[in-house]
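A.B. asks: Just passing along the structure, written as structure tokens.
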Amino acid sequence: DRVDDFFDRKGRWKPGQAEWLVNPRKAFEEKEFWDVFEGCLGHLQDRLRSAFVLREFDGLTADEICEELDVTSTNLWVMLYRARARLKTCLQENWFAATR
């Protein structure tokens, strides 16, 4: 599948990519959602997972992550793009489309 299809030219999510059967805000609060999310996160390559966790959970800046992972800022943004796209696909298949 093509992750580029999920984003516009500026790297933002394209609207209407998925028709989720549950409310994403409500899912955020459910333990089962986090179990699926952790499973999806576990399927990412180590470097993608590290970049995503450092940015989204640990709140590090791009410069701090680049130093930690020894990558350029361009490479970091590509890694984050890929991590988000793969997480979105995994969640779509294993949570949002599967939950009724």
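A.B. asks: Within segment 65-77, restricting attention to residues that are open to solvent by 70 Å² or more (accessible area, probe 1.4 Å) and not aromatic (F, W, Y), which residue is nearest to G42 (Cα to Cα)?
C.D. replies: Only one residue tops the list, namely E68.
A.B. asks: Next question. Would you pick out the residues in segment 78-98 that are surrounded by fewer than 15 Cβ atoms within 10 Å (Cβ to Cβ) and in contact (Cβ under 8 Å) with a residue 12 or more places away in the chain?
C.D. replies: Answer for segment 78-98, where residues must be surrounded by fewer than 15 Cβ atoms within 10 Å (Cβ to Cβ) and in contact (Cβ under 8 Å) with a residue 12 or more places away in the chain: just A97.
A.B. asks: Looking at segment 45-64, which of the residues that are within 13 Å of L76 (Cβ to Cβ) and either in contact with a Pro (Cβ under 9 Å, 6 or more places away or on another chain) or polar (S, T, N, Q) (or both) is most open to solvent (accessible area, probe 1.4 Å)?
C.D. replies: Taking the candidates together, the pick is T61.
A.B. asks: Also, I was wondering about something else. Do the conditions hold for G16, that is, is it modelled with pLDDT under 70, assigned to a loop (DSSP other than H, G, I, E, B) and touching a helix residue (DSSP H, G or I) at 6+ places or on another chain (Cβ under 7 Å)?
C.D. replies: Here the answer is no, as G16 does not meet what is asked.
The values are calculated or read from the model by the stated rules, or taken from the named source; none is laboratory data. Bear in mind that the values here come from a model prediction, so they are computed numbers and not experimental data. Backbone-built Cβ (ideal geometry, glycine too); neighbour counts: all protein chains shown. Ligands, DNA and RNA are excluded from the accessible area calculation, which covers all protein heavy atoms including side chains. Shrake-Rupley method; radii C 1.70, N 1.55, O 1.52, S 1.80 Å.
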